[in-house]
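Okay, so here's the structure we're looking at.
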Amino acid sequence: MKIRLEKVEDHEAIDVLLRQAFTGNENELVMKIRASSDWIPELTFVAETEGKVVGHIMASRCVLDDIPMIALAPLAVLPAYQSQGIGHLLVDEMIEQAKHRVEPGIIVLGHPAYYAKFGFEVASQYGVAAPFDCPEEAYRVKWTGKTRLSGVVSYNSAFD
């Protein structure tokens, strides 16, 4: 298993992966994020095995209290490769690389128990709120720097 940065040559395989992993239109979300100035290619990774892209994680900028943050979305693994730790490897790599950046944290809307394993905490305990209705337990933040902020998160229009 190899975790590496996404390349242009991966886009078709990522599109297929997203269509298989989700019932929604995450593939369109990914295309919109890539086309925006908020995409963070240095934090967007694929998991590859035997030359096949089997997992993907994407990062883009969001804003909290006028400070850029990192939005983790989406995270996907091909159904046949799920429950093998691939998503875990992708999240670990993003977190590790995010520690070397200026953004003080990562925001995610996802399964509470899954993201808690990586140290993501309920965002509301820091006064961090989503700009949309969602379960409080599912909206989480992981601080990668010393700064702690509060306020309502603003996302790229791709998330509308």
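For ARG4 and GLU137, FRET efficiency with R0 = 35 Å and r from the beta-carbon atoms, rounded to 0.05? The pair GLU137/ARG4 has a calculated efficiency of 0.60. Listed by chain and number, the lysines placed with their C-alpha closer than 28 angstrom to that of LYS146 are LYS99, LYS117; residues fewer than eight positions away on the same chain are left out. Distance from the Cα centroid of segment 91-137 to that of segment 31-72 is 14 Å (rounded to whole angstrom).
Among LYS32, LYS146, LYS2, the ranking by other beta carbons within 10 Å of each residue's beta carbon, starting with the fewest, stands as LYS146, LYS2, LYS32. Once the Cα atoms are used to define both axes, helix 86-98 deviates from the longest principal axis of the chain by about 50 degrees.
Readers should treat all values here as calculations from the given coordinates under stated rules, not as data from a laboratory. Given the structure is predicted, the values throughout are model-derived calculations rather than measurements. Positions of Cβ are backbone-derived with ideal geometry, glycine not excepted, and every protein chain shown enters the neighbour counts.
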